[in-house]
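The values are calculated or read from the model by the stated rules, or taken from the named source; none is laboratory data. Everything numeric here is computed off the predicted structure, so don't read it as measured data. Quick reminder, even Gly has a Cβ in these numbers, built from the backbone with ideal geometry, and neighbours come from all protein chains shown. Just so you know, the surface numbers come from the protein's heavy atoms only, side chains and all, with ligands and any DNA or RNA stripped out. Shrake-Rupley method; radii C 1.70, N 1.55, O 1.52, S 1.80 Å.
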Amino acid sequence: MESTPHAPSSPRSFHAILVTGGAGFIGSHVIRRLLQTHAELKVVNLDALTYAGNLANLADVESDPRYTFVKGDIRDAELVGSLFDTHRFDAVLHLAAESHVDRSIAYPLAFLETNILGTATLLNVAKQAWTERGCMDEALFYHVSTDEVYGSLGDEGLFSETTPYDPRSPYSASKASSDHVVRAYHHTYGLPVVISNCSNNYGSHQFPEKLIPLMIRNIVDQRPLPIYGEGINVRDWLWVEDHAAAIDAILTQGWVGDTYNIGGLNEWRNIDLVHKLIEIVDAHLGRAEGHSKSLITFVKDRAGHDMRYAIDASHLESRLGWTPSVTFEEGLTHTVEWYLNNQAWMEEVTSGDYQQYYEAHYANRG
Ligand code: NAD
Ligand code: DAU
């Protein structure tokens, strides 16, 4: 079976792609980008619409004839199989997951079920369908993963593709397991796969349980800004549209069997990042400098809190020529402006009204 990474003979062009988790934060950016950059591509978005799925994130593409939304669970092998029969996918771009570390500490089993069994279900259906159609050579299964599989860094060093796996939360353990299952399907059955492991994303349409949108919302509303522990944990932040661009590059030019780390070489301690957000939000709202600093509240640390993540993305850069397109200052300012200009989005997400979107827009379409 094929196991040495090898380049495609020319950039791939797919006929129909199954995107999972497209109603989430990163997935919605990726779908918008795919429709913009691939004129002939049919995109089917399979999403269970958990609390994290919000179809309003894709309101601007829902009438595009190349785009189809299907509400369903990636663990439903029958449904996934019928979608393969109907749409004859030649690519799977798998993003659906339970994605929030704090929730994984509270509800670990949901993470293991969706992230491991869900991934295995998709792999199995893809293997069967592509074997029956005899099209393994033209197909691709792309698994979108996280840098958290590598564990936690000290003050020095970067995660590279050869860093040993050392996941430490139920979330990262579930993503590490799913990476292993993806590789197992490649080595054992010759399934054409590619994996990317990305650092922390930020940008528009992110659910306000994650640090940056939560802090923006609380600064706007003048609510406490909860900082875990001493706020000295470090994350490497990447603009979500740069992640989407990297995913597009890997989808079309990534070497089969290869792994790509994606990151911004943009490390920030949480406390410094929150100060930066205070500065930008207060300035945009015409408040005096430092107005919201008193909202900072140090709270109990996250259990098993990883200290530092930082990515060496040189493999992706040298092989596929990808680099981030914006500075952090630009990306963060753009992001703050989006949340300030889209407060209705934030209100709907916070109140739960966004969960009515599917019934209102899709339920009577048959
Ligand atoms: P998200 O939580 O915003 O979205 C996840 C989506 O998956 C939601 O739309 C949800 O409804 C859907 N989903 C969940 N369980 C499902 C199931 N059983 N069946 C079908 N759909 C289901 O997540 P995100 O931040 O957009 O992350 C997307 C992917 O990227 C995840 O795999 C995550 O591990 C990975 N990732 C995220 C980051 C980040 O910083 N957010 C960084 C690196 C990698
Ligand atoms: O590194 C990639 C990962 O980044 C992704 O795989 C995950 O899906 C994504 O959620 C993210 O994980 P983190 O745990 O790093 O992100 P989060 O936004 O939850 O937290 C960022 C840092 O901020 C982390 O050190 C915890 C801290 N934090 C977070 C919240 C929500 C706080 O101090 N206070 C908070 O209220």
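Values for this structure:
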item: Selection count, segment 57-93, where residues are among the charged types (D, E, K, R) and assigned to a helix (DSSP H, G or I); result: 3
item: Segment 250-266, residues that are out of contact with any helix residue (DSSP H, G or I) (no Cβ under 6 Å at 6 or more places or on another chain), surrounded by fewer than 19 Cβ atoms within 10 Å (Cβ to Cβ) and at negative phi; result: Thr252, Trp255
item: Count of residues meeting criterion [over 20 Å from the mean Cα position of the chain (by Cα) and open to solvent by less than 20 Å² (accessible area, probe 1.4 Å)] in segment 134-174; result: 2
item: In segment 65-77, residue farthest from Leu191 (Cα to Cα) [restricted to those that are open to solvent by 40 Å² or more (accessible area, probe 1.4 Å) and of a type outside the set (Asp, Glu)]; result: Pro65
item: Residue, least open to solvent (accessible area, probe 1.4 Å), within segment 175-194, restricted to residues that are out of contact with any strand residue (DSSP E or B) (no Cβ under 8 Å at 6 or more places or on another chain) and either without any contact (Cβ under 8 Å) to a residue 12 or more places away in the chain or farther than 23 Å from Arg235 by Cβ (or both); result: Gly190
item: When residues of segment 203-212 are limited to those that are of a type outside the set (A, V, I, L, M) and near ligand 2 (Cβ under 8 Å from one of its atoms), the one surrounded by the fewest Cβ atoms within 10 Å (Cβ to Cβ); result: Glu209
item: Filter result for the condition that a residue is more than 7 Å from ligand 1 (Cβ to nearest atom), surrounded by fewer than 23 Cβ atoms within 10 Å (Cβ to Cβ) and at pLDDT 95 or above, over Leu34, Leu41; result: Leu41
item: In segment 276-301, the residues that are among the polar types (S, T, N, Q) and touching a strand residue (DSSP E or B) at 6+ places or on another chain (Cβ under 7 Å); result: Thr297
item: Subset tally (residues that are in contact (Cβ under 8 Å) with a residue 24 or more places away in the chain and part of a helix (DSSP H, G or I)) for segment 315-329; result: 5
item: Residues of segment 208-253 that turn out to be within 11 Å of ligand 1 (Cβ to nearest atom) and free of Cβ contacts under 8 Å to residues at least 40 places away in the same chain, as a count; result: 0
item: Scope segment 176-203; condition aliphatic (A, V, I, L, M) and either assigned to a strand (DSSP E or B) or on the phi > 0 side of the Ramachandran plot (or both); matching residues; result: Val193, Val194, Ile195
item: Condition met for Leu117 (buried (at least 22 other Cβ atoms within 10 Å of the Cβ), hydrophobic (A, V, I, L, M, F, W, C), at pLDDT 95 or above and within 10 Å of ligand 1 (Cβ to nearest atom)); result: no
item: Filter result (open to solvent by less than 10 Å² (accessible area, probe 1.4 Å) and assigned to a strand (DSSP E or B)) within segment 44-56; result: Val44, Asn45, Leu46
item: Criterion (closer than 18 Å to Val256 by Cα and of a type in the set (Val, Ile, Thr)) met by exactly one of Thr20, Thr50, Thr4; result: Thr4
item: Selection count where residues are open to solvent by 70 Å² or more (accessible area, probe 1.4 Å) and charged (D, E, K, R), scope segment 275-300; result: 4
item: Single match in Gln343, Gln355 (criterion: open to solvent by 20 Å² or more (accessible area, probe 1.4 Å), within 15 Å of ligand 1 (Cβ to nearest atom), touching a residue at least 12 places away in the same chain (Cβ under 8 Å) and closer than 30 Å to Ala48 by Cα); result: Gln355
item: Failed condition for Asn261, given (1) over 23 Å from Glu230 (Cα atoms); (2) assigned to a loop (DSSP other than H, G, I, E, B); result: (2)
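The rows are residues; the columns are (1) closer than 16 Å to Thr297 by Cα; (2) in a loop (DSSP other than H, G, I, E, B); (3) more than 16 Å from ligand 2 (Cβ to nearest atom).
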residue	(1), (2), (3)
Leu214	yes, no, no
Arg223	yes, yes, no
Glu230	yes, yes, no
Asp242	no, no, no
Ala246	no, no, no
Ala249	no, no, yes
Ile271	yes, no, no
Val274	yes, no, no
Ala283	no, no, yes
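Conditions tested, residue by residue: (1) open to solvent by 60 Å² or more (accessible area, probe 1.4 Å); (2) within 24 Å of Thr131 (Cβ to Cβ); (3) of a type in the set (Ser, Thr, Tyr).
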position: Val19; (1), (2), (3): no, yes, no
position: Ala59; (1), (2), (3): no, no, no
position: Ser63; (1), (2), (3): yes, no, yes
position: Leu79; (1), (2), (3): no, yes, no
position: His87; (1), (2), (3): no, yes, no
position: Val92; (1), (2), (3): no, yes, no
position: His100; (1), (2), (3): no, no, no
